[in-house]
Amino acid sequence: MSSTMNPTAAPEIATAFAQQHFPGARSEHAPWLRDEMLAMLDHWFDWRRCRFQSPGDAVGSVATGDGHERLSERLAVLREALTEETPTFTPRYIAHMKSDLSLPAILGWFAAMLHNPNNTSREASRVGSVIETEAVAHLATMLGYDPGQAQGHFTSGGTVANFEAMWRARYRLDHWLAMALHLSETRGERLDPFAAAHMGWDRFRDLWRAHGVTETALKQASAMASNPLDVGRRISRASGIDYLGPVVIAPGNRHYSWNKGVNLFGLGAEALWSVRLDARGRMDLEDFERLVFQARDQGRPVLMTVGVAGTTEMSAVDPIDGLFDRLDEWERQHGWRIWRHADAAYGGFFRALLDGASETALRPDVSTALRALPRADSITIDPHKLGYIPYACGAFLTSDAQSYAVSAFDAPYLHRPELGAGKWASTLEGSRSAAGAAATWLTAETLGLGPDGLGAVLAGTIEARRALEEAVMRAVPQARFLPADANIACFTLAEDGERLSVSNARTGAVFAYFQESPAFAVSRTTLGRDCAALKTAHLAGYDGVDDSEELSVIRLVVMSPYWCDPVMRDEMATLFVAEMASALQAVETASVKD
């Protein structure tokens with residue numbers, strides 16, 4: 001155990017919750033779950049049977065025969081085929097961000113799925129849309145937002161949620177830049193695209209009132225409401241520089257969805273500026289500051305800044321508190337209001353550990369970073385990861401209604417966004433299932449999204465990751481673990497003083513062994529140029545390391561709730577160490593033969 005960390009004050013709580021709220025690695029809750037599923041089906045059947053009583057509502061006698069026989073036969077084929085699917089329910093699965101589903105998630109998802117509400121509008125989803133609103137409030141509370149002010153909706157995953165943030169950031173920046181361009185052209189004043197694009201809503205409204213600006217005039221100066229190429233040329237003329245458009249500043253540990261986003265929104269790959277990472281694989285704030293001032297010097301607005309809470313590779317949590325401190329300081333000094341987004345698709349749920357005994361599982365600096373999440377304009381979170389909800393279930397939240405709005409230049413938007421009864425106009429996706437929201441709602445209402453509920457389970461997985469690391473390091477001298485902030489462990493297999501290429505080959509060979517072995521499922525990733533500082537710190541003692549050479553690591557995602565049980569954890573760690581020994585022996589034998 002690291003000297004800076006303490007075990008959770010009540011690990012038995014995590015064990016109890018894992019035992020009570022999950023199906024069980026050997027289906028221990030099968031009888032109860034079967035009864036609940038059958039009761040749900042009976043209730044659904046009765047509802048359908050009794051909802052309307054007129055004779056015209058019945059379809060008459062139902063034929064069985066060949067149709068049902070064919071369906072039963074093909075269903076049996078499907079059931080059998082799915083037994084070859086990846087068994088992510090087992091604690092032996094530590095490969096990716098997947099694990100067993102919780103009981104409330106299964107039941108909530110199934111209950112809503114039977115009714116199939118479409119959350120595109122209240123008309124298509126009378127109950128599902130209300131459940132979504134309440135589930136968003138549960139998530140907002142966990143994330144530190146005021147649930148009475150926060151807005152949001154469920155998405156198909158973190159990728160779309162990140163796109164939702166980019167969509168809103170673009171419309172806000174476009175409003176402010178359009179105002180400045182219009183005034184520059186009509187008043188003959190030189191345009192500063194960077195300052196204008198970050199003017200803030202108060203300044204925007206003051207200018208609107210002071211100069212009697214009309215909606216038509218703003219639309220003509222808007223890249224979104226008119227012709228973006230023409231508006232770009234006009235900005236160049238008004239500013240006296242070649243306007244190259246806005247940039248997105250995100251760390252090198254970002255999710256691949258940001259690369260997709262700049263493509264889909266027409267910014268181009270060059271507009272995604274990558275912040276260097278520090279020796280722990282987190283955003284380097286000094287480099288972030290350098291990029292912001294570089295954008296200012298080039299007259300390129302910052303469309304949005306992105307901080308990552310729980311990277312997909314190592315579960316690293318960026319110093320979001322320091323990131324937002326800098327943005328606050330620049331707003332005070334220069335009036336720059338830059339959109340701040342927290343990509344907490346994986347790590348957002350670690351906020352459930354805060355303010356209770358479970359928090360001792362986190363490093364203090366990680367707790368501080370997570371406490372800063374409510375200062376974000378928008379947050380992405382994925383219930384289908386550490387919420388243990390079925391796919392596909394992401395969520396997008398904003399701090400308030402103004403940040404959530406994506407309307408055109410109309411007067412209500414300028415003062416109070418009114419989205420109406422349905423969210424079809426404010427979501428990228430049209431049709432949206434209520435099943436994920438229902439699963440999240442029931443999880444929040446039963447397991448709970450606090451330190452004595454889900455937080456205790458997640459704290460148990462962090463402790464399990466540490467215990468697994470210690471067990472491996474004791475038994476495998478070649479194992480070198482990278483820094484970890486949560487429940488993902490990454491390690492290389494290297495002898496002292498050997499070349500990186502040799503250690504990469506060994507790591508790759510051991511990974512290949514696990515790929516063929518049914519004992520455990522693990523994953524592999526590589527750390528490249530963006531992780532230079534991390535590689536330098538990790539590779540101390542290696543011989544002849546080339547900075548451009550990638551570091552190959554084995555990745556273990558210890559998120560299964562069953563690892564919370566100390567008995568299960570110790571057994572799994574023992575079995576994993578034994579499998580590692582077998583893998584290394586097999587690799588050594590193969591090397592001698594070669």
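The values are calculated or read from the model by the stated rules, or taken from the named source; none is laboratory data. All figures in this text were calculated on a predicted structure; none of them were measured in a lab. So basically every Cβ, Gly included, is an ideal-geometry build from the backbone, and we count neighbours across all protein chains shown. Heads up: the accessible areas ignore ligands, DNA and RNA and are worked out on the full protein's heavy atoms, side chains in. Shrake-Rupley method; radii C 1.70, N 1.55, O 1.52, S 1.80 Å.
General remarks:
- Residue check for ARG499: farther than 27 Å from ASP365 by Cα, open to solvent by 50 Å² or more (accessible area, probe 1.4 Å) and touching a strand residue (DSSP E or B) at 6+ places or on another chain (Cβ under 6 Å): yes
- Among the residues examined, ARG524 does not qualify as in a helix (DSSP H, G or I), under 30 Å from ALA14 (Cβ atoms) and either among the basic types (Lys, Arg) or within 27 Å of the chain's Cα centre (by Cα) (or both).
- Tally of residues being part of a helix (DSSP H, G or I), open to solvent by less than 70 Å² (accessible area, probe 1.4 Å) and either in contact with a Ser or Thr (Cβ under 8 Å, 6 or more places away or on another chain) or modelled with pLDDT of 95 or more (or both) across the stretch 14-43: 8
- Residue list for the stretch 347-385, filter: open to solvent by less than 10 Å² (accessible area, probe 1.4 Å), assigned to a helix (DSSP H, G or I) and of a type in the set (Val, Ile, Thr): VAL366
- Of residues in the stretch 302-346 being polar (S, T, N, Q) and not in a loop (DSSP other than H, G, I, E, B), the one surrounded by the fewest Cβ atoms within 10 Å (Cβ to Cβ): GLN333
- Residue match in the stretch 102-117 (condition: open to solvent by 30 Å² or more (accessible area, probe 1.4 Å) and in a loop (DSSP other than H, G, I, E, B)): yes
- Boolean, THR536 is within 27 Å of GLY281 (Cα to Cα), open to solvent by 20 Å² or more (accessible area, probe 1.4 Å) and either part of a strand (DSSP E or B) or modelled with pLDDT of 95 or more (or both): no
- Restricting GLU69, GLU80 to residues that are modelled with pLDDT of 95 or more, open to solvent by 100 Å² or more (accessible area, probe 1.4 Å), in a helix (DSSP H, G or I) and among the acidic types (Asp, Glu) narrows the list to GLU80.
- Among residues of the stretch 188-208, those that are at pLDDT 95 or above, over 35 Å from the mean Cα position of the chain (by Cα) and either hydroxyl-bearing (Ser, Thr, Tyr) or open to solvent by 70 Å² or more (accessible area, probe 1.4 Å) (or both), counted: 2
- Residues that are farther than 23 Å from TYR562 by Cα, open to solvent by 30 Å² or more (accessible area, probe 1.4 Å) and either out of contact with any Leu (no Cβ under 9 Å at 6 or more places or on another chain) or free of Cβ contacts under 8 Å to residues at least 24 places away in the same chain (or both), drawn from the stretch 512-533: ALA512, GLU516, ARG529
- Total residues in the stretch 235-252 satisfying the condition of being surrounded by fewer than 21 Cβ atoms within 10 Å (Cβ to Cβ) and touching a residue at least 12 places away in the same chain (Cβ under 8 Å): the figure is 5.
- Scanning the stretch 431-476 for residues that are closer than 28 Å to VAL160 by Cα, in contact with a strand residue (DSSP E or B) (Cβ under 9 Å, 6 or more places away or on another chain) and either assigned to a loop (DSSP other than H, G, I, E, B) or without any contact (Cβ under 8 Å) to a residue 12 or more places away in the chain (or both) returns SER431, ARG432, ALA434.
- The stretch 316-331 residues that are more than 17 Å from HIS255 (Cα to Cα), paired with ones that are part of a helix (DSSP H, G or I) (beta carbon under 6 Å, 6 or more apart): ASP321/THR368; ASP321/ALA369; GLY322/LEU285; PHE324/ARG375
- Answer from ALA509, ALA489 - the residue that is touching a helix residue (DSSP H, G or I) at 6+ places or on another chain (Cβ under 6 Å) and crowded, with 22+ Cβ neighbours inside 10 Å: ALA489
- Top-ranked residue in the stretch 174-229 [being polar (S, T, N, Q) and in contact (Cβ under 8 Å) with a residue 40 or more places away in the chain; ranked as farthest from PHE293 (Cα to Cα)]: SER222
- Selection status of ALA435, at pLDDT 95 or above, within 30 Å of ALA486 (Cα to Cα), open to solvent by less than 20 Å² (accessible area, probe 1.4 Å) and touching a Phe, Trp or Tyr at 6+ places or on another chain (Cβ under 8 Å): yes
- Number of positions in the stretch 148-179 that are part of a helix (DSSP H, G or I), within 22 Å of PRO374 (Cβ to Cβ) and open to solvent by 30 Å² or more (accessible area, probe 1.4 Å): 1
Table: residues versus (1) within 20 Å of THR443 (Cβ to Cβ); (2) modelled with pLDDT of 95 or more; (3) among the acidic types (Asp, Glu); (4) in contact with a helix residue (DSSP H, G or I) (Cβ under 9 Å, 6 or more places away or on another chain).
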{"position": "TRP339", "(1), (2), (3), (4)": "no, yes, no, yes"}
{"position": "ALA352", "(1), (2), (3), (4)": "yes, yes, no, yes"}
{"position": "THR368", "(1), (2), (3), (4)": "no, yes, no, yes"}
{"position": "ARG375", "(1), (2), (3), (4)": "no, yes, no, yes"}
{"position": "ASP382", "(1), (2), (3), (4)": "yes, yes, yes, yes"}
{"position": "ALA408", "(1), (2), (3), (4)": "no, no, no, yes"}
{"position": "GLU418", "(1), (2), (3), (4)": "no, no, yes, yes"}
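- Residues in the stretch 551-586 that are β-branched (Val, Ile, Thr), surrounded by fewer than 19 Cβ atoms within 10 Å (Cβ to Cβ) and either over 20 Å from ARG474 (Cα atoms) or in contact (Cβ under 8 Å) with a residue 40 or more places away in the chain (or both): THR574, VAL577.
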